[in-house]
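The structure under discussion appears below in the form of structure tokens.
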Amino acid sequence: MVGLSHGTTRLPRRLAGVIGFVLSGVLAAALTLTSAEPARADQTGLRAADPSVLRVGGTYVSVQSAGGGIVVRQAPSTDALDSATPRQVWSDTRGRGEVWAPEIVRDGGRYYIYFTAGRGAAHRMYVISSTSPDSGYSAETKLALPDDKWAIDGTLFTFNGQRWFVWSGWAGDTNVEQNLYIARMSSPTTPTGARHIISQPRESWERVVGNPFINEGPEPIRDPNGQLHIVYSANGSWSDQYCLADLRLRAGGDPTHVWDWYKSNGCLFGSDRATMMAGWDPTLHVDGPGHHSFVLLHGDIGTSPPAGPRFPLMFHAVPKGTPYTWENRYWYTGTFCWWGNTTYSRADVPGPNTDTGWSLKFFE
């Protein structure tokens with residue numbers, strides 16, 4: 001996907017309050033707002049990466065890789081997760097290797113935690129499940145993803161009545177670049193059919209830091225028009241160029257068809273102005289925000305928020321003024337809102353060059 005540009009008007013990044021969105025036809029959204037001095041990003045006490053958080057009633061549930069296993073926390077707010085007692089729900093008793101980026105979802109009354117384990121080229125996706133969010137999990141099962149290639153950062157979601165699994169992986173057996181893939185699931189633990197590529201890191205703004213170039217951390221969400229988005233992390237996670245970008249599936253599009261996906265014209269949440277999409281400003285208090293979690297009821301994109309106010313978000317980043325290293329990443333609580341009448345454009349590929357619809361604004 002190449003040649004992306006944007007068609008909205010530049011607006012201040014920090015908003016004191018969103019009074020409302022007013023839809024006019026299918027392409028317009030207006031905001032009434034007041035401006036205020038930026039507030040400092042809300043850093044939690046969790047010195048960690050790759051947050052995954054969902055809401056169950058009034059309880060927020062998070063998962064994290066720690067101590068060679070996976071821990072779960074429960075709290076009455078996202079801000080309180082750092083002080084909640086972690087409960088170990090899985091340990092690597094079989095020597096699977098490095099445990100990365102667990103993702104928790106709820107499906108059919110059970111909780112599923114998907115995670116990556118392995119060493120080097122052996123990283124693959126695994127899943128455990130339980131009827132309780134913080135105990136009683138099964139032994140791990142390797143997901144039989146199509147082609148059985150290196151795979152990380154996978155998560156399950158349901159869209160238009162079909163379960164899907166989206167992840168970051170290699171096309172072959174060498175570390176050339178990390179692409180985003182999607183596959184159908186016949187159950188929460190059973191992939192079916194082929195894998196389909198939906199994004200490659202080929203835009204100039206997602207190739208600032210590479211070797212390899214990276215698309216990872218895909219997180220699904222459904223916009224107010226019912227269209228599917230996959231918000232992902234681009235550029236190397238070891239650099240302050242790490243950022244969030246968006247893939248939007250065109251109305252009525254096929255999730256398995258790469259040219260039905262339209263990519264944002266740059267980063268939507270990042271700390272480098274040069275890579276930001278026009279109309280989106282860089283962060284003020286953190287560097288390299290990425291690998292986020294939309295905090296949804298049951299983790300279900302069917303509960304994705306409507307247009308209007310801001311909604312909870314968690315992401316990891318490094319405080320500005322601190323050396324950008326993996327060890328200096330913290331979980332942050334933030335917010336996001338839908339941003340209407342946003343055009344993503346491209347060139348030299350099949351299908352229409354532009355697609356207009358909802359995008360997202362992220363706030364520290």
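The values are calculated or read from the model by the stated rules, or taken from the named source; none is laboratory data. Owing to the predicted nature of the structure, the values given are computational and were not obtained by experimental measurement. Glycine also receives a Cβ, built like all others from the backbone with ideal geometry; neighbour counts cover every protein chain displayed. Side chains are part of the model used for accessible areas, which takes the heavy atoms of the whole protein and leaves out ligands, DNA and RNA. Shrake-Rupley method; radii C 1.70, N 1.55, O 1.52, S 1.80 Å.
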Within segment 281-329, can you find the residues that are without any contact (Cβ under 8 Å) to a residue 60 or more places away in the chain, closer than 19 Å to Val231 by Cβ and small (Gly, Ala, Ser)? Gly288
Restricting the search to segment 71-100, which residues are among the hydroxyl-bearing types (Ser, Thr, Tyr), open to solvent by 30 Å² or more (accessible area, probe 1.4 Å) and either more than 12 Å from Asp134 (Cα to Cα) or within 21 Å of the chain's Cα centre (by Cα) (or both)? Ser77, Ser83, Ser91, Thr93
Could you check, for segment 183-202, whether at least one of its residues is without any contact (Cβ under 8 Å) to a residue 24 or more places away in the chain and either touching a Pro at 6+ places or on another chain (Cβ under 6 Å) or closer than 20 Å to Gly118 by Cα (or both)? no
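Criterion first (modelled with pLDDT of 95 or more, within 24 Å of Thr333 (Cβ to Cβ) and not basic (Lys, Arg)) does Ser83 satisfy it?
Numbers: modelled with pLDDT of 95 or more: yes; within 24 Å of Thr333 (Cβ to Cβ): yes; not basic (Lys, Arg): yes.
Taking the combined requirement at face value, the residue satisfies it.
Return yes or no: is Leu244 in contact (Cβ under 8 Å) with a residue 40 or more places away in the chain and either assigned to a strand (DSSP E or B) or buried (at least 16 other Cβ atoms within 10 Å of the Cβ) (or both)?
yes
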Please give the strands (runs of 3 or more DSSP E) falling wholly within segment 260-364 in which 3 or more residues are under 24 Å from Glu203 (Cβ atoms) and open to solvent by 10 Å² or more (accessible area, probe 1.4 Å). 330-345, 354-363
Just one listed residue, out of Gly217, Gly193, is outside any loop (DSSP other than H, G, I, E, B), under 14 Å from the mean Cα position of the chain (by Cα), at positive phi and at pLDDT 95 or above, and it is Gly217
I need the full set of residues from segment 220-233 which are part of a loop (DSSP other than H, G, I, E, B) and either open to solvent by 10 Å² or more (accessible area, probe 1.4 Å) or among the aromatic types (Phe, Trp, Tyr) (or both), in order please. Pro224, Asn225, Gly226, Gln227
